[in-house]
1. Please work out the average accessible area per residue across the chain, using the 1.4 Å probe convention, and give it in Å².
2. For the chain, what is the mean residue ellipticity at 222 nm derived from helices alone (per DSSP H run of n ≥ 4: -39500 (n - 2.57); sum divided by total residues; nearest 500 deg cm²/dmol)?
3. Quick one: compute the contact order of the chain, relative version, from alpha carbon pairs under 8 angstrom and 6+ residues apart, as a percent.
4. Loop only by DSSP, 14 or fewer other Cβ within 10 Å of the Cβ. Give me the GluC sites (Glu not before Pro) in segment 30-64 that pass, ordered by residue number.
5. When all alpha-carbon pairs of the chain are counted, what percent fall beyond 20 Å?
6. Just to be sure I understand the model, the point goes 7 Å from the Cα along the line to the Cβ. What's the resulting Cys27 to Lys15 distance in nm?
7. Are there trypsin sites (Lys or Arg not before Pro) in segment 18-62 that DSSP marks as loop and that have at most 13 other Cβ atoms within 10 Å, and which are they?
8. Could you tell me whether segment 29-70 comes out rounded, prolate or oblate from its Cα gyration tensor? Rule is a ≥ b ≥ c as square roots of the eigenvalues, rounded for a/c under 1.5, then prolate if a/b exceeds b/c, otherwise oblate.
Amino acid sequence: MTGKKLVENCLVWEKKNIYCSCPKTECERHGVCCECIVSHKERKDVAFHVKFPHCLRDQLAEIGYKPIKL
């Protein structure tokens, strides 16, 4: 079960989607946190902070993490 079908069956989708700060609203995983997190975590050869969806990057900033510029 993925994307739209998952959203239809998610009891808290509307509530948690309030926190989705991703600017890529055309993404099929927008607001589908479980798919989004897995997708980001599986990314290879990207900076550490890119492995976190936008909604969790704010939390990285709260703990003082700053991306290393190469």
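1. 83 Å²
2. Calculated from helices alone, the mean residue ellipticity at 222 nm is -11000 deg cm²/dmol.
3. 26 percent
4. Glu42
5. When every Cα pair of the chain is considered, 33 percent fall beyond 20 Å.
6. Reported label-point gap for Cys27 and Lys15 is 2.3 nm.
7. Passing both the DSSP loop test and the Cβ count: Lys24, Arg43, Lys44.
8. oblate
The values are calculated or read from the model by the stated rules, or taken from the named source; none is laboratory data. Given the structure is predicted, the values throughout are model-derived calculations rather than measurements. Every residue, glycine as well, gets a Cβ built from its backbone with ideal geometry; the counts of neighbours run over all protein chains shown. Ligands, DNA and RNA are excluded from the accessible area calculation, which covers all protein heavy atoms including side chains. Shrake-Rupley method; radii C 1.70, N 1.55, O 1.52, S 1.80 Å.
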